[in-house]
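Shown next, in structure tokens, is the structure this report addresses.
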Amino acid sequence: MTREEITAKIAEIVRINLPGYEDVPLEENTRINNEAGVDSMTFVYVMCKIEAQFGISIPKRTWDKMLTLGDVVNAVEKELAK
């Protein structure tokens, strides 16, 4: 799976599950964690959706470091490469 395909799938999950992102152009530098007004429970919910989509488990300690769409894509790529 290419980085572009991973990014597109994650962006779709974000658009569906995070209020206010439905019509926002999502790029790798788009903030999708707490700094963008997303509460921690919603972020956990979205991360669980992403993990299920790709059949992976991202370590929880990594979640706190993810702020942007690109950070999430990097984490997914890392887990898929294992």
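No lab work stands behind these numbers, since they all come straight from the coordinates. Note that the structure is predicted; figures quoted are calculated from it, not measured. Positions of Cβ are generated from backbone atoms using ideal geometry, with glycine treated the same way; all protein chains shown enter the neighbour counts.
Could you pull out every residue, at least 5 positions away or on a different chain, whose amide H is within less than 5 Å of the one on Thr68? Hs are placed 1.01 Å off N in the peptide plane, and Pro or chain starts have none.
Ile32
Okay, helix-only estimate at 222 nm for the chain: each DSSP H run of n ≥ 4 adds -39500 (n - 2.57), divide by all residues, round to 500 deg cm²/dmol; what do you get?
So the calculated ellipticity at 222 nm is -17000 deg cm²/dmol.
Can you give the FRET efficiency for Gln53 and Asp23, using 1/(1 + (r/R0)^6), R0 = 30 Å, r = Cβ-Cβ distance, to the nearest 0.05?
Calculated value: 0.90.
What percent does the relative contact order of the chain come to when contacts are Cα pairs within less than 8 Å and at least six residues apart?
39
Please give the contour-minus-distance gain from Glu5 to Met41: 0.36 nm per residue of separation, less the Cα-Cα distance, rounded to one decimal in nm.
Here the answer is 10.4 nm.
Under the classification rounded if a/c is under 1.5, otherwise prolate if a/b is larger than b/c and oblate if not, where does region 3-80 fall, given a ≥ b ≥ c as square roots of the Cα gyration tensor eigenvalues?
Since a/c stays below 1.5, the shape of region 3-80 is classed as rounded.
Suppose the chain between Ile16 and Leu80 were pulled fully straight at 0.36 nm per residue; how much longer would it get relative to their current alpha carbon spacing?
Roughly 20.8 nm would be gained on extension.
If you put +1 on each Lys and Arg Cβ and -1 on each Asp and Glu Cβ, how big is the dipole of the chain around its Cα centre, in Debye rounded to 20?
The dipole magnitude comes to about 360 debye.
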